[in-house]
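One structure is given here, and the rest of the page talks about it.
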Amino acid sequence: MECLKGWNVFIKNIMNKKTHNLKHINYLNNFDIIANTLLKWQKKKQTDVVNDLMGTLIDINYYVTEIYTNELYFNHTVNEYRADKLRAIQRAINAENKIKELEKEILKLKNKIKVYGG
């Protein structure tokens, strides 16, 4: 049952990434339509209104790009921290197993010393 839960989380993450990518592509497409329309208007006749709209659109693009980039870096950082934590846990488990192994070895050696004198 636990395996199925992990699978559901995996599928949900893939779907969230896919949905996020589709939304971003839609944003880029819409931005392109508006930017090209404003460029055509600027070429036909430059006005303060068209120039202001173009400047505003550029500001919006910088803002959205910053948000998108921050989200990518955040997700990347979270994944790195998660991987580091899992590696640390595995190292701790390995160390505990090695300690148990060495304690058994010490016990065997102590018993040999008792038997053969020491």
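The values are calculated or read from the model by the stated rules, or taken from the named source; none is laboratory data. Everything numeric here is computed off the predicted structure, so don't read it as measured data. We place every Cβ from the backbone using ideal geometry, glycine too, and count neighbours over all the protein chains shown. For accessibility, only protein heavy atoms count, side chains too; no ligands or nucleic acids. Shrake-Rupley method; radii C 1.70, N 1.55, O 1.52, S 1.80 Å.
Hey, does the stretch 67-90 have a residue that's over 15 Å from the mean Cα position of the chain (by Cα) and acidic (Asp, Glu)?
No, that holds for no residue.
Can you tell me which residue within the stretch 41-58, out of those that are free of Cβ contacts under 8 Å to residues at least 12 places away in the same chain and open to solvent by less than 90 Å² (accessible area, probe 1.4 Å), is nearest to LYS17 (Cα to Cα)?
By that ranking, first place goes to ILE58.
Suppose the filter is within 30 Å of ASN16 (Cα to Cα), open to solvent by less than 80 Å² (accessible area, probe 1.4 Å) and of a type in the set (S, T, N, Q); does ASN61 pass it?
Working: within 30 Å of ASN16 (Cα to Cα): yes; open to solvent by less than 80 Å² (accessible area, probe 1.4 Å): yes; of a type in the set (S, T, N, Q): yes.
For ASN61, the condition - within 30 Å of ASN16 (Cα to Cα), open to solvent by less than 80 Å² (accessible area, probe 1.4 Å) and of a type in the set (S, T, N, Q) - is met.
So in the stretch 1-39, with the set limited to residues that are at pLDDT below 85 and among the aliphatic types (A, V, I, L, M), which one is most open to solvent (accessible area, probe 1.4 Å)?
MET1
Restricting to the stretch 9-60, give me the number of residues that are over 35 Å from the mean Cα position of the chain (by Cα) and assigned to a helix (DSSP H, G or I).
Count: 13.
Pick from the stretch 64-82 the residues that are of a type in the set (Ser, Thr, Tyr) and open to solvent by 70 Å² or more (accessible area, probe 1.4 Å): which of them is nearest to ASP32 (Cα to Cα)? Let's see the steps before the verdict.
To start, the set of residues in the stretch 64-82 that are of a type in the set (Ser, Thr, Tyr) comprises 65, 68-69, 73, 77, 81.
If we keep only those that are open to solvent by 70 Å² or more (accessible area, probe 1.4 Å) as well, we get 73, 81.
Numbers: TYR73: 25, TYR81: 36 Å.
Looking at the filtered set, the residue picked out is TYR73.
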